[in-house]
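All of the numbers you see were taken from the coordinates with simple rules; none came from a lab. Owing to the predicted nature of the structure, the values given are computational and were not obtained by experimental measurement. Here the Cβ positions follow ideal geometry from the backbone for every residue, glycine too, while neighbour counts run over all protein chains shown.
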Amino acid sequence: MVHGGADFRQPVRVDAAILDRLAALNPLAPLHQPFNLAPIRALLQRQPQLPQVACFDTAFHHGHAPEIDLYALPQSLIAAGVRRYGFHGLSYEYIASRLPSVAPELARGRTVVAHLGNGASLCALQGGRSVDSTMGFSALEGLV
């Protein structure tokens, strides 16, 4: 799932109420979120007994210092949710989980890793945690 907004920081089991909350995030990722939700919604309607769990691309970046995630904008926009969320977090979380066995010296320190695919971004890791990302409010940002 591309966008978890400010609320979804961990994987969550999807039900109708969660699906509605995730759909409310569509304006934050209009090119991705609706297409992530469509198969979840279809399966929920056809096989409601099957468990579905949503993992969020933004979750790995929660916990940044406020000065990292906030833009220099009026407080009203910040209160409306305009902030840097970071993306490609599932990719970075995997890299951070593999670093201790592949390069322990990098896993313990500060590392910059790249996600190069349909989108591109960089993530600063410190001790396996995201401390900054080149992705911001939208999944359309990246190496800017």
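Given the DSSP H assignment, sum -39500 (n - 2.57) over each helix run of at least 4 residues in the chain and divide by its residue total; what's the result at 222 nm in deg cm²/dmol, nearest 500? Please list the in-between numbers first.
Working: 6 runs with 50 residues, N = 144.
The helix-only estimate for the chain comes to -9500 deg cm²/dmol at 222 nm.
How large is ³J(HN,Hα) for each residue in the stretch 6-23, as worked out from phi by the Karplus curve 6.51 cos²θ - 1.76 cosθ + 1.60 (θ = phi - 60°), to whole Hz, x for Gly and Pro?
Computed from phi, the couplings for the stretch 6-23 are 7, 8, 8, 10, 9, x, 9, 6, 8, 10, 4, 5, 5, 4, 5, 5, 5, 5 Hz.
Going toward the positive end of the dipole of the chain, with +1 on Lys and Arg Cβ and -1 on Asp and Glu Cβ, which of N118, H61, I18 do you reach last?
Of N118, H61, I18, it is I18.
Over what distance in Å are the Cα centres of the stretch 90-144 and the stretch 39-53 separated?
Taking the Cα centre of each part, the stretch 90-144 and the stretch 39-53 sit 31 Å apart.
Give the relative contact order (percent, whole number) for the stretch 63-144; include only Cα pairs under 8 Å separated by 6+ residues. Please report the intermediate quantities before stating the final value.
On the way: 121 pairs, mean separation 24.0, N = 82.
Normalised by residue count, the contact order of the stretch 63-144 is 29 percent.
Quick one: helix 89-102 against the long Cα principal axis of the chain, what's the angle to the nearest 10°, folded into 0 to 90?
Orientation of helix 89-102: about 50 degrees from the principal axis.
Is the shape of the stretch 1-56 rounded, prolate or oblate, going by the alpha carbon gyration tensor and its root eigenvalues a ≥ b ≥ c, with a/c under 1.5 for rounded and a/b larger than b/c for prolate? Please list the in-between numbers first.
Values: a/c = 2.06, a/b = 1.39, b/c = 1.48.
Because a/c hits 1.5 or more and a/b fails to exceed b/c, the stretch 1-56 counts as oblate.
Under a GNM of the chain (C-alpha, springs under 10 Å), which listed residue has the highest mean-square fluctuation: L99, L50, L22?
Taking springs between Cα atoms under 10 Å, the residue moving most is L50.
Of (i) 8.5; (ii) 9.4; (iii) 10.7, which one was derived for mean projected area of the Cα convex hull in nm² from the structure shown?
So the structure-derived entry is (ii).
Have a look at the stretch 63-144 and give its Rg and Dmax from the Cα atoms, expressed in angstrom.
For the stretch 63-144, the Cα radius of gyration and maximum Cα-Cα distance read 13.7, 45 Å.
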